[in-house]
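One structure is given here, and the rest of the page talks about it.
Bear in mind these aren't lab numbers, they're just calculated from the coordinates by the rules spelled out. Computed from a predicted model, the values in this text were never measured in an experiment. Cβ placement follows ideal geometry from the backbone for every residue including glycine, while neighbour counts extend to all protein chains displayed.
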């Protein structure tokens, strides 16, 4: 069973069972697959260098839209232009964090520097966004309704299983964030 992330002299450490690490790796891989563009990037070298994607469009998948939200409200043309200018680099950043987190959790006793912990926190957050979308979580009340689901032996349908995974990832992210916050106390 996983142990909460804690701050110690070496940084931040936690413990994950092999099955828990495998689950997280699969979740990271699934989100990476969502974020990888369907079409190859623009072949224009200048556009590629600055991260402009002339083919960017609003995602049809609501979970992907949570990962890559509109940055400009009430103006579809401006929102699309902003997406065209920023989405490629945002996708690459998220994919990089997810791949980095997958490598960082390889050891049973995971030990992170503050910078590495930030990468893992970003990846866990993206996984939670996707799971929340798939579970229809749109409010604190929706999330609270799921927090009572904690018995893996009763996972007899997809929604219950997803709720259990969501709760596990939420707990991991919470303990990681608490450990990161403890480090801020040390700095001040």
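Can you put 98, 164 in order, fewest other beta carbons within 10 Å first? Let's see the in-between values first.
Details: 98 25, 164 17.
Final ranking by Cβ density, sparse to dense: 164, 98.
Using C-alpha pairs below 8 Å separated by at least 6 residues, the relative contact order for the chain is 29 percent.
Sorted from fewest to most neighbouring beta carbons within 10 Å, what does the list 147, 118 look like?
Working: 147 12, 118 15.
Listing 147, 118 from fewest to most nearby Cβ atoms yields 147, 118.
According to the square roots a ≥ b ≥ c of the eigenvalues of the Cα gyration tensor, what is the shape class of region 80-188, taking rounded for a/c under 1.5, prolate for a/b larger than b/c otherwise, and oblate for the remainder? Taking the square roots of the gyration eigenvalues as a ≥ b ≥ c, region 80-188 is oblate.
Take every pair of alpha-carbon atoms less than 8 Å apart whose residues are at least six positions apart; their mean separation over the length of region 82-152 yields a relative contact order of 26 percent.
Listing 82, 112 from fewest to most neighbouring C-beta atoms within 10 Å gives 82, 112. Largest GNM mean-square fluctuation across 73, 136, 11, computed for the chain with C-alpha springs under 10 Å, falls on 73. Report the paramagnetic label zone for residue 3: residues of region 110-125 whose backbone N is under 13 Å from a point 7 Å from Cα along the Cα-to-Cβ axis. Backbone N within reach: 110-111. Distance between the C-alpha centres of region 123-188 and region 53-88: 26 Å, rounded to the whole angstrom. Taking Cα atoms only, the orientation of helix 158-187 departs from the longest principal axis of the chain by about 80 degrees. The GNM of the chain, with springs linking C-alpha atoms under 10 angstrom apart, assigns the highest mean-square fluctuation among 107, 122, 94 to 107. Anisotropy class assigned to region 112-159 is prolate, per the alpha carbon gyration tensor with a/c at or over the 1.5 cut-off and a/b larger than b/c.
If you run the Gaussian network model on the chain, springs between alpha carbon atoms under 10 Å, then out of 68, 23, 172 the most flexible one is 23.
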